[in-house]
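Engineer: Please find one structure pasted underneath; my questions will follow.
No value in this document is a laboratory result; all are computed from the given coordinates. Every value quoted in this text rests on a predicted model; they were computed, and no experiment measured them. Cβ placement follows ideal geometry from the backbone for every residue including glycine, while neighbour counts extend to all protein chains displayed.
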Amino acid sequence: MSTLPGSSKIAAFVNQVTRLERTFAYCSLCLVVALSLLRNLQFETIASQSTSPAATCKAMSVKETCLICFEDNPIARMFSVGTCHHKYCLSCMKHHVEVQLQSGIVAQCPHKDCTCEVNTETCKKFLSPELADIMIERIKESSIPVTEKVYCTFPRCSALMSKQEVLEHTKTSFASEGGRKCMKCHQYFCINCRVPWHYDMSCYDYQSSETYSRSEDQLVKSLAMKKLWRQCSKCKHMVELDSGCYHIICRCCYIFMTPSQ
């Protein structure tokens, strides 16, 4: 006659309970399933299976092809771009993002005709802290319209702000005269003359002074006149005509004509 595994232990347990029952005037027995113990056992089993060497080796054996270098890489070494889900190896993606950032461009998916922007947080896994900060700055630059961009005039700062936010940050009496307080270094500069704030002088008086004529901004303008450069009236960047007709499109998409030479 066959018996179920553990039946002897169950019989001994029942006899023990029966003896205890006889010591009470009245008692009622009921079975209770130890749910908490069961859950713990389930979690431990799942964890042991997911972290087992066999499961890890199986995950590493599954590979995908990078669309740039066409090398097969483990899934753990692949990078998925934003919402478009185009995948590239971390090495190729790192090089792509670095080149775009160094060119002053907001990093986008390298797939042809895809305009999906690369997420900053996910890029931090392969970018240095310095490049991650540059990426955040590039995204901010692209979010501010060209005509609204303001840069701190102090060379060691050069923080980017919008005209509205720097105006709200400046709570001084000379804000109406062009004075602005940088949101990063907290120093004052003139938004009109693009120099450190000229205390006790109007913009007209300062621009008529010898100090202004020797300023870096004026030196650049003098060089631009000699080289026949033009300044875009929208973004204020200098544009040089290298060849072709006088029809010029600035990188901010503003169209203008250079004078005939």
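Engineer: Around Ala159, with a cut-off of 13 angstrom between Cβ atoms, what is the net charge of the other residues, counting Lys and Arg +1 and Asp and Glu -1?
Structural biologist: Working: positive: Lys140, Lys149, Arg156, Arg180, Lys181, Lys184; negative: Asp133, Glu137, Glu141, Glu165.
Around Ala159, the surrounding residues sum to +2.
Engineer: Moving on. Mind putting a number on the dipole of the stretch 146-215 about its Cα centre? Charges go on the C-beta only, +1 for Lys and Arg and -1 for Asp and Glu, and I need it in Debye to the nearest 20. Please list the in-between numbers first.
Structural biologist: On the way: 9 positive and 7 negative charges, 64 e Å.
Around 300 debye, computed over the stretch 146-215.
Engineer: With each label point set 7 Å from Cα along the Cα-Cβ vector, what nm distance links Phe24 and Ser222?
Structural biologist: 10.4
Engineer: Also, quick follow-up: Grab the alpha carbons of the stretch 91-140, take their convex hull, and tell me the volume per residue in Å³. If you can, show how the numbers build up before the last one.
Structural biologist: Numbers: hull volume 3.6 nm³, N = 50.
In the stretch 91-140, the Cα convex hull volume per residue is 73 Å³.
Engineer: Whole angstrom only: what separates the Cα centroid of the stretch 134-165 from the Cα centroid of the stretch 188-212?
Structural biologist: Comparing the Cα centres of the stretch 134-165 and the stretch 188-212, I get a distance of 21 Å.
Engineer: Which of the peptides 79-85, 17-23, 192-198, 169-175 is most tightly packed, and how do the rest follow, judged by the mean count of other Cβ atoms within 10 Å per residue? Working shown, then result.
Structural biologist: Numbers: 79-85: 15.1, 17-23: 9.6, 192-198: 18.3, 169-175: 13.1.
Top of the packing list down: 192-198, 79-85, 169-175, 17-23.
Engineer: Using Cβ contacts closer than 10 Å as the measure, can you line up Ser176, Ser162 from fewest to most?
Structural biologist: Working: Ser176 9, Ser162 16.
Taking fewest neighbouring Cβ atoms as first place, the list is Ser176, Ser162.
Engineer: Now a separate question. From the C-alpha gyration tensor of the stretch 146-215, pull out the three semi-axes of the equivalent ellipsoid (sqrt of 5λ each), sorted largest to smallest, in whole Å.
Structural biologist: On the way: eigenvalues 75, 37, 23 Å².
One finds semi-axes of 19, 14, 11 Å for the stretch 146-215.
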